[in-house]
Amino acid sequence: MSDTTEEKQSDSEATEGEGSTEGKATADAKEAAPDPVAESRAQALHFKDQAMRALADLDNFRKRARKEVDDAKKAGREELLKEFLPVFDNVERAILSAERATDVKGVVDGLAMVLRQFTDTLARQNIQRAPGVGSMFDPQMHEAIQQLETDEHAPGMIVAEVQPGYLNGDRLVRAAMVVVAKPKSS
């Protein structure tokens, strides 16, 4: 009977062991089952973190772009200044020379050379004078400060320039102040 009792006991232990393993597996499965709310929260935190990083990257990009634009402007101004420094040097020389000069013609010739150097420097920078005396009035480039009644010039013709205008390429930097002809009233 002892053999039979031992067999029954072994069989019952095996059955209990299997049952307890099944119970553990079911409990583990319940614990391992994802909680949809927790999963959604984790995903939302992940997306929030990504969005915050993207905003920080965008802010950094904007700062870098502004700095690059500012640096480019400074470099452009420095380049223009380098172009004009020789002109300023010659203006100073002309003033010193004019103070000692006895010949007015020499001073005028020196100033004319400095003016030519100045206009050549402007031309290298693609800056030109706006059309002036002898051209037709264009409200896009000229500011009429006076009208002159005359029969010598066609109506709308610029007869005098009080202040020249300048163009940077196709863009107006400063409008020319001009006197415009108008027909004489009878």
Two-site FRET efficiency, residue 177 against residue 92, from Cβ-Cβ distance with R₀ of 35 Å, rounded to 0.05: 0.80
Separation in nanometres of the label points that stand 7 Å from Cα toward Cβ, at residue 185 and residue 60: 7.2
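Relative contact order, percent, of the stretch 115-186 when contacts are C-alpha pairs under 8 Å separated by at least 6 residues?
37
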For the stretch 112-126, Karplus couplings with θ = phi - 60° (6.51, -1.76, 1.60), whole Hz, Gly/Pro x: 5, 5, 5, 4, 4, 4, 4, 5, 5, 5, 4, 4, 5, 8, 6
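Read-outs throughout are calculated quantities, based only on the coordinates presented, and are distinct from any laboratory measurement. Everything numeric in this text was worked out from a predicted model, so none of it was measured. We place every Cβ from the backbone using ideal geometry, glycine too, and count neighbours over all the protein chains shown.
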